Structure formats: C-alpha cells, structure tokens
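A quick write-up on the structure given underneath.
Here, each number is a calculation from the coordinates, and none is a lab measurement. Predicted, not measured: the structure shown is a model, and the values here were computed from it. Because the Cβ atoms are built from the backbone with ideal geometry, glycine has one as well, and the counts that use them run over all protein chains shown.
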C-alpha cells in the first residue's frame, strides 16, 4: 500500500517536473533560432584582447539575414552586464512571446537590418580582467579591438555605430575618439559628458551617490544581480525565476569561465576610494588618472578630428548632464542632433516641476527617440533616409509643456536680467544705494530629498522636489514681488555673492525657485560650489583659499535650464551650505556662519539669461513621445 501511495505521488510529480527540467537544460529559445542563411540568431562568446584579457560579447543577427549578406553593426559596451540569462519563468514566457523584455532592446535593430553587438567592458559582467577606474584608456582600447573583430565577421559590411544610455552612452562617445575607419556615427544618450560634475559637482563630493553606486557595482561584479537591484529575502527566489544571472558564453564551459571571470573582478577599484579625495577636475586619483582624463573633455581633439556625427539626448533635471550636452553642442565641431527633454535619467519618466498639466504630446523618450536614432544610423550607414541636420537642438521648456527646435542653445536673442538682493529678504531689479549685511547660520540638515536630480542617476527614478517652502525656512532666501509678465529663462543663471565665512572650509548650495499663486515654492535649478574652487575651470591651479572672515566675491553658476515662469509668480533664491541627501559636509563638523554683503557697491544678485517673450527663435514641435 505504501508503494502504491508513493507511486501515485511520484509519477504525477515526475510528469509535472519533466517540462521544468527540460526547460532548465535547454538554452533560451532565441539561442536556438537560425537566420535565413543558417547562422545563429544570438551567440555569446569571448574575444581575446592584446593583453590576453577575454572580453564577453553577445551577437544578434536579424532572422532575415541571408547567406553571404553583409550588414552594418550597432555596438553597446557597458559595465552593467551586457546580457542577463533568463530564468525558468522567463524561458517559459519566451516560448509564447517573441517580444519579451529580455529581447526587446535588439528587436528594433533586427527589424532595421542591423547586427547588434553587446559588450561587457573588462572587469565586469562575464568579461575577464579588472577595472581600475571607469572609462580607463585600456577599456576604450578594448572597444577598438572589438570593432576590429566585428569588421572581420562574414556578416559585417565594415560599418559600425555605437550607442548607449548612461555609462554606455559615455563609451559610445569615446568610440568616436578611436579614429577607427569603421565607425560611422554614435548616439550617447543620458551620458555624463563630464563625470567630475556627477562625482564632485562644483568641488563638493557626492559621497552618498558614490557609495550607493559602488555597492551596486560590487554586487554586479560579484555576479549577484538581485542584490544589485536591491532585491533580498524571499523576493530573491522570485527574481531568479525571471533572471538567472549574467549570461555566460555559449558552450559547456561557459559557466566555469563565468565563475573565473567573476573572481578576477574582486580586484576592481572601489569608486568611493578612487574619488574620495578629489576636489578639482584635474586631481589625480589613486589609479593615477584624474576625472578629466576619463571625460569627453580629454578626448575632444580626437572626437573632432574624426568628425563623427552624434545623436545626443539628455534630461533637463538629470544631474548635470544638460550642461555637458550644451557644452559639447557649442564647442565640438562634429555634426550633432541634440534633444533636451523633460526626462529623468535614462528617460524612464517625465518631469516638469513647474507644469501641473499633461504636456502636449511630451512623454517618455524611448518610443519617439528610438525611431529617430534608427533613422540617424540608417542614413549614416548609407541605407537611405533623409540627411540629419548638421547642428540642431530640440529643447523642452518647463512650465510651458512644449518642445522647440533651434540651430543653437541658448538662442542668440537671450539677454541678461538682474535681480538684486535686498534687506528683509527681498529680490528686486533695482539695487539699494546703501550697503547692508545679513548674517546666516548654516543649517546642515537641509536636503533636496531622495527624489532629486542626483538620485535619479542611480536608477532613472522619478524626480520630485515637492514644495521647497519647509526647506527654504532653513536657508537664506530672497524673494521677488509677483512678476508683472511671463519670464522665459534660457541658459545658465548666475548668483553673485559678496560674503565672508567664519570657517576655512565651506560650500555653497544655491537654489533658484518659483513661488506660485498658492505659495508653493517650486524648484527650477541649482548650483553647487566648494569654497576656493574656481567655478569656471575647476582646475587645481586656479584654486584660491580664503581666510575665515575674509570678504570675497563668489559666482555660483547654476545648471542650465529652460523654464517659463508665469506672470504673478515670484522668483526666489535660496542659499545654504549643505545638501544632506548625498553630499559630503564642509567642514566635517562645527557651525558655520556667513555674512552676506549687499547694496551700495556690493553686487550680490541673481543674473538670469532671459529670452524675450516676443521671440522664440524656434518652431514648436507638435508631437514628442
């Protein structure tokens, strides 16, 4: 009877588990697909570099690819894992749908007749080696060798384009610096043109951001994707049913090689340790490189010499990326098509702190921009389509809910409009004739919260500053009377401060806000500057330290913005010495008091770049998103 009972349980259980076991043994369905010419649609393999380091790549070929046909290739090189192996549940889903999210990125490229190559940079993913710092020269040189390999493949027509979001947006741009004859165009999207302004904006270390980024990177480098995504406990089991882990290379030895590669990642540098003592753009990190050495600034001559066309997209409130995009657009001679939109990092969500309604046709970037990126590459691969503009910027205006296009940014018609600080916290166009002083004790509990322009860089999460009034009560504020007409701000506002500080070390956090009819103080933009750091060059040689109590002039340049401030609203400048959300405190301990000097000969003021309301210098785009 016992045998009969066991038999009755085991047989049905075996029948139920058999398909599961089969799914576990079989490769993902897309790895079993063949192109029209008999080649594998997707393959994972290693390419050996000049120094013996093996770099993992995934190759995707269109199902329509015929034998002997040659096609162009788009390349994405990343430190965030080139490909994730689907878990049991995902494999089941892939049996019923060809549009699973795991394959979604490659389908548009396949449909356009392009090959896709996804690359783990050295020291990450399934690649061997170690990473001494992000975007190090050896990492960029690896891209050259991968491109060499691509052009030697039987399906390659010898043309390569690079694209990517965030980290791999940077690597896409650096691909343009290689001078490789195969590279036709690049699309850096939501990338940090100047990594210094993310890690240490204005000389103030973003200590919290670097720690969180390091923790996530460490988990990825250890092969623990669930931990990197913040998944723990029982949820980890469910997560792994969807995502098994880093995609190993094909073949029986793939998992063994993946384990060996992950062991080498243990030697990767710690981001916070590398950046922990930098204050200026050219300060050397322990690895021997500076933030400047790993930025687009360093590769400017090489990028310009190749004249590689660029398709660029950034979000207005995504860290300092908008400043970098505008600087590149205005100073690099390369053909550039630039989108400045109302998007969080990676374009995952819409954000406009001044507009409460639903903007006209403005939404997530992906559906809209992907179509244009494909058109961009199609033309530069010589596959048809209209020639993209040599220089064109499409920009969103907060508070207005529309995008416009123009040949330059900011528009040439922009002029300066000054508002001067006055006693009793007033902000007015006229400067009082008599000098005055205001003393303020810095409050180190001030914060922009966990949904600010810096946190979004970690996950692409929403940006929401909320009503700043409560935080403003802790800051030194100056507020205007209600505006008698709409004001369109277009460019980089500057806040000039004449002040003294009773500490040898300090920092300035300056916010530009708009107070609406209800009294809600809405965030527009901000500027950050550490005392002694030159606010234009951020170079060590230009630093000038000041004695406590010394009266000096400080110009804090706020991040670029395009915003319409409505008639009847008031402008506000709020000044503090810390943002406790992510940043290092200067000084590390103790109270700090500032004395601001205004009126008379003192030029403590807000200078706005203003575009006259009668002039837009652009055509409104009706449909975005």
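Scaling against 2.2 N^0.38 Å puts the C-alpha radius of gyration of the stretch 132-227 at 1.28. Neighbour counts of C-beta atoms inside 10 Å place 110, 536 in the sequence 536, 110, starting with the fewest. As a length-normalised measure over Cα pairs under 8 Å and 6 or more apart, the relative contact order of the stretch 415-611 settles at 39 percent.
Ordering 121, 533 from the fewest to the most neighbouring beta carbons within 10 Å gives 533, 121. Evaluated at q = 0.09, 0.14, 0.16 Å⁻¹, the base-10 log of the normalised Debye intensity for the stretch 254-396, with identical point scatterers placed on the Cα atoms, takes the values -0.44, -0.93, -1.05. You can think of it this way: the chain between residue 473 and residue 485 has 1.6 nm of extra reach, that is 0.36 nm per residue less the Cα-Cα gap. Relative to the longest principal axis of the Cα atoms of the chain, the long axis of helix 207-221 lies at roughly 0 degrees.
Evaluate E = 1/(1 + (r/R0)^6) for residue 464 and residue 64, where r is the Cβ-Cβ distance and R0 equals 45 Å; express this FRET efficiency to the nearest 0.05. Working from the Cβ atoms, E equals 0.50. In plain terms, if you count all Cα to Cα distances in the stretch 182-301 and split them into 10 Å steps from zero, the share in each step is 12, 29, 31, 23, 5, 0 percent.
The residue 333 and residue 412 beta-carbon pair, evaluated with R₀ = 25 Å, returns a calculated FRET efficiency of approximately 0.85. Remark: the residue 241-residue 426 segment gains 60.7 nm on full extension, using 0.36 nm per residue and subtracting the alpha carbon distance.
Matching the structure-derived mean projected area of the Cα convex hull in nm² against the labelled list (1) 38.5; (2) 26.0; (3) 32.6 gives the label (3).
For the stretch 415-611, divide the Cα radius of gyration by the Kirkwood radius and give the resulting Rg/Rh value with two decimals. So for the stretch 415-611, dividing Rg by the Kirkwood Rh gives 0.94. A simple spin-label model places the labels of residue 517 and residue 387 5.0 nm from each other, with each point 7 Å out along Cα-to-Cβ. The label point for residue 219 and the one for residue 375, both projected 7 Å from the Cα toward the Cβ, are 3.9 nm apart. Using 0.36 nm per residue and subtracting the Cα-Cα separation, the extra length available between residue 445 and residue 536 on full extension is 30.0 nm.
Please list 345-355, 369-379 highest first by mean number of surrounding beta-carbon atoms within 10 Å per residue. Write out the running numbers ahead of the final one.
Numbers: 345-355: 21.6, 369-379: 18.9.
Packing order, densest peptide first, comes out as 345-355, 369-379.
What relative contact order, as a whole-number percentage, does the chain give when Cα pairs under 8 Å and 6 or more residues apart are counted? Spell out each step's value before the answer.
Values: 1439 pairs, mean separation 86.2, N = 625.
Contact order relative to length: 14 percent.
For the stretch 301-355, the relative contact order is 40 percent, taking Cα pairs closer than 8 Å that sit 6 or more residues apart in sequence and dividing their mean separation by the residue count.
Note on 134, 90, 386, 77: ascending count of other Cβ atoms within 10 Å places them as 386, 90, 134, 77, the fewest first.
Working from Cα positions, state the angle (0 to 90°, nearest 10) between the long axis of helix 2-25 and the longest principal axis of the chain. Once rounded, the angle reads 60 degrees.
Take the Cα of residue 48, step 7 Å toward its Cβ, do the same at residue 263, and the gap between the two points is 1.9 nm.
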